[in-house]
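Trainee: First the structure, which I've put down as structure tokens, then a few questions once you've had a look.
The values are calculated or read from the model by the stated rules, or taken from the named source; none is laboratory data. Worth saying up front: this structure is predicted, and the values here are computed from it rather than measured. Cβ sites come from the backbone with ideal geometry, for glycine too, and all protein chains shown count toward neighbours. Calculation scope for accessible area: heavy atoms of the full protein, side chains included, ligands and nucleic acids excluded. Shrake-Rupley method; radii C 1.70, N 1.55, O 1.52, S 1.80 Å.
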Amino acid sequence: MKLLIVNGPNLNLLGKREPGIYGSSSFEAFFSSLVSKYPLVDFSYFQSNVEGELVNKLHEVGFDWDGIIFNAGAYTHTSIAIADAIAGIKTPVIEVHISNVYAREAFRHKSLMAKNCKGIITGFGLQSYELAIQAFLSTNL
Ligand code: DQA
């Protein structure tokens, strides 16, 4: 199974950025642990702070990969382009968030992309990504 994890803006700062909300481990360290823990999954990881680069990546993998686990960061709440890109591809996308966006400011309660995703996992720290992996492995998306 080929799974791509995509992180959007500011998520390159995980470990340094607001650790009280996002934790103190870097995504790279967490990603390495996933690669070791799930040897049968062919993982790839992409991060960008640039909206169009995220759209390009969805187009690139979105017709033959098995799944995309996508934390679009603040673009979740603002980007029609990303929502449209998810609607336009075949590969199923699971939206994830580290924090519980519904326990935070009202502007984080709206996701423009959610209706085009298979589901949403929010609020479990970095474990949100692993729960999404398990959803891809255990359900027929
Ligand atoms: C986030 C939540 C977003 O509201 C925020 O803009 C982020 C991170 C999360 O993972 O909790 O950058 O997607």
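Trainee: For the chain, what is Rg from Cα atoms divided by 2.2 N^0.38 Å, rounded to two decimals?
Mentor: Expressed relative to 2.2 N^0.38 Å, the Cα Rg reads 0.96.
Trainee: Using Cα-Cα distances under 8 Å and only pairs 6 or more residues apart, what relative contact order does the range 2-138 have, in percent?
Mentor: Computed value for the range 2-138: 25 percent relative contact order.
Trainee: In addition: Heavy-atom accessible area per residue, the chain, 1.4 Å probe: how many Å²? Can you show the working numbers first?
Mentor: Numbers: 6860 Å² over 141 residues.
Value returned for the chain: 49 Å² of accessible area per residue.
Trainee: Can I ask one more? Scan the range 32-138 for chymotrypsin sites (Phe, Trp or Tyr not before Pro) in coil per DSSP, keeping those whose Cβ has at most 16 other Cβ atoms within 10 Å, and list them by number.
Mentor: Counting only loop positions with at most 16 other Cβ atoms within 10 Å, the chymotrypsin sites (Phe, Trp or Tyr not before Pro) in the range 32-138 are 63, 124.
Trainee: Moving to a separate point now. Assuming R0 = 25 Å, what is the FRET efficiency of residue 26 and residue 140, from their Cβ-Cβ distance, to the nearest 0.05?
Mentor: Working: r = 33 Å, r/R0 = 1.32.
Rounded to the nearest 0.05, the efficiency is 0.15.
Trainee: Okay, next question. Spelling out what I want: for every residue of the range 103-110, take phi, set θ = phi - 60°, compute 6.51 cos²θ - 1.76 cosθ + 1.60 (Karplus), and round to whole Hz; glycine and proline get x.
Mentor: 9, 10, 4, 4, 5, 8, 7, 9
Trainee: For the range 51-100, rounded, prolate or oblate, judged on the Cα gyration tensor with a ≥ b ≥ c (square roots of eigenvalues), a/c < 1.5 rounded, else prolate if a/b > b/c?
Mentor: Cα axes put the range 51-100 in the oblate bin.
Trainee: Cα-based count: Lys pairs in the chain below 21 Å, eight or more positions apart or different chains?
Mentor: The number of close lysine pairs in the chain is 10.
Trainee: Also, I was wondering about something else. Within the accessible area of the range 58-107, what % is carbon and sulfur when the probe is 1.4 Å and the other protein chains stay in place?
Mentor: It is 56 percent, rounded to a whole number.
Trainee: Moving on. Quick query: amide H of residue 99 versus all other amide H atoms, modeled in the peptide plane; which residues come in under 5 Å with a sequence gap of 5 or more or a different chain?
Mentor: Those qualifying (amide H under 5 Å, at least 5 residues apart or on another chain) are 123.
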